[in-house]
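Everything below concerns the one structure shown next.
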Amino acid sequence: MKKIAITKLNDLYAAIAQNQSLLLPIKRAGQTNFGIWTEDAEVDLQTLKTVKSAKDAFFPQSENLYTCYKDGKKISIAPEKLQEESFVVFGMKGCDVRGAMVLDKVFLANPVDNYYAARREHGIIVSLACSQPEESCFCKAFGIDCAEPEGDVVTWLTADYLYWKPVTEKGEALTAQVADLLEDADDKAVSEQKAAIAATVEKLPYANISLEGWNGDALKEKFDSPLWEQLYKPCLACGTCTFVCPTCQCYDIKDYDTGNGIQRYRCWDSCMYSDFTMMAHGNNRNSQMQRFRQRFMHKLVYFPANNDGMYSCVGCGRCVDKCPSHLNILKVIKAFGKEGK
């Protein structure tokens, strides 16, 4: 276990950024999101949840895939370079780290997505324990320990120090790079904080919400339930829930004429949109109820059915906080729970 004084964190950031890019929570215009560290950045480790997760670091909201050029009758294709340099994502919470592991199941399964795989290979995750979980958090229901998150390096923030524990080979290598700034520490303060976090989690209203009946075997029972017709009606199809979600992986592929070639890029999309997966014959899910049902069936039934029981919800609570109609996965889980009683 190592530690560094809070007053020296800027030195730590500078030391990390000297050898690779550093992404961490930065406050801009009153909103905190992950961004590239610069000396004048307003780093914000106190905000529990960034507006968007750190998913952007591995699966960007928009990314170029390749560019096509035409010279007379000759057409050439120039693929975008894969990630070749290491980078550090600092301050990811346990839910967001698990979110990356959910994305691994999608993008690292055959056929492997080379763009994503390169970022995961070169990305180093420094996670940060949640010192003050909020009422909308329910990561415990999905087996996530916000007091000791997964990551290459795990950190804890107290009033005076940032405690630092390398876990993987990547984490050990990063620790060696900044060793001059770190000092040895015992784990007393961390143990006390972990106990306090655990006590707070137990008081959260949804920490122990039951997932009974939600699994890969619940397909027909849940799919055919009349409850969906009641649940979906307030949905505005705005897609906010999908864009703040750490695990949503839907994307579209589009072409853009740059005036000097055609650029093919992909960008996040949402299963809640009426034109999502639209084909020449139309859309297989042609009502908002069907699209609403798809989102939650995928997270709670389809995904665990195909990924050894792993849910594609991590209990971060962003959809709880951000939905303008106060619709979220908790309401769905609770509605079906009441039905079974």
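The values are calculated or read from the model by the stated rules, or taken from the named source; none is laboratory data. Everything numeric in this text was worked out from a predicted model, so none of it was measured. Here the Cβ is made from the backbone with ideal geometry for all residues, glycine too, and neighbour counts use every protein chain on show.
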Fill in the blank from the handout: Flagged in the stretch 1-18 as of a type in the set (V, I, T) and surrounded by fewer than 19 Cβ atoms within 10 Å (Cβ to Cβ), in numbering order, are I6, T7
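With the requirement that a residue be touching a residue at least 40 places away in the same chain (Cβ under 8 Å) and either more than 22 Å from V314 (Cβ to Cβ) or of a type in the set (D, E, K, R) (or both), what does the stretch 197-213 give you?
If the condition is that a residue be touching a residue at least 40 places away in the same chain (Cβ under 8 Å) and either more than 22 Å from V314 (Cβ to Cβ) or of a type in the set (D, E, K, R) (or both), then E212 is the only one that fits.
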Exercise for the section: Please specify each residue of the stretch 295-321 satisfying the condition of being crowded, with 18+ Cβ neighbours inside 10 Å and either free of Cβ contacts under 8 Å to residues at least 40 places away in the same chain or part of a helix (DSSP H, G or I) (or both). Expected result: R295, F296, M297, H298, K299, L300, V301, F303, P304, R318, C319, V320
Exercise for the section: Kindly establish whether Q83 is exposed (fewer than 12 other Cβ atoms within 10 Å of the Cβ), of a type outside the set (S, T, Y) and in a loop (DSSP other than H, G, I, E, B). Expected result: no
Practice task
Determine which member of the set T67, T47 is of a type in the set (S, T, N, Q) and crowded, with 17+ Cβ neighbours inside 10 Å.
Solution key: T67
Exercise for the section: Can you confirm whether the stretch 28-46 contains a residue that is assigned by TED's automatic domain parsing to the domain that holds I144, basic (K, R) and over 28 Å from S136 (Cβ atoms)? Expected result: no
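Rundown of residues vs (1) under 30 Å from I333 (Cβ atoms); (2) within 15 Å of the chain's Cα centre (by Cα); (3) buried (at least 18 other Cβ atoms within 10 Å of the Cβ); (4) among the aliphatic types (A, V, I, L, M), yes/no style:
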site: C137; (1), (2), (3), (4): yes, yes, yes, no
site: A141; (1), (2), (3), (4): yes, no, yes, yes
site: I144; (1), (2), (3), (4): yes, yes, yes, yes
site: L162; (1), (2), (3), (4): no, no, yes, yes
site: K165; (1), (2), (3), (4): no, no, yes, no
Fill in the blank from the handout: Just one listed residue, out of S21, S62, is touching a residue at least 24 places away in the same chain (Cβ under 8 Å) and either of a type in the set (K, R) or loosely packed, with under 15 Cβ neighbours inside 10 Å (or both), and it is S62
Completion exercise
For the stretch 196-253 the number of residues that are farther than 27 Å from E135 by Cβ and surrounded by fewer than 13 Cβ atoms within 10 Å (Cβ to Cβ) is 7
Practice task
Considering every residue within the stretch 84-101, establish whether at least one is over 19 Å from V153 (Cβ atoms), in contact (Cβ under 8 Å) with a residue 40 or more places away in the chain and assigned by TED's automatic domain parsing to the domain that holds V51.
Solution key: no
Problem - Index of the failed condition, P234 passing every other in (1) part of a loop (DSSP other than H, G, I, E, B); (2) under 25 Å from the mean Cα position of the chain (by Cα); (3) in contact (Cβ under 8 Å) with a residue 12 or more places away in the chain - result: (2)
Problem - Residues of the stretch 92-112 satisfying the condition of being surrounded by 17 or more Cβ atoms within 10 Å (Cβ to Cβ) and not hydrophobic (A, V, I, L, M, F, W, C) - result: K93, G94, D96, R98, G99
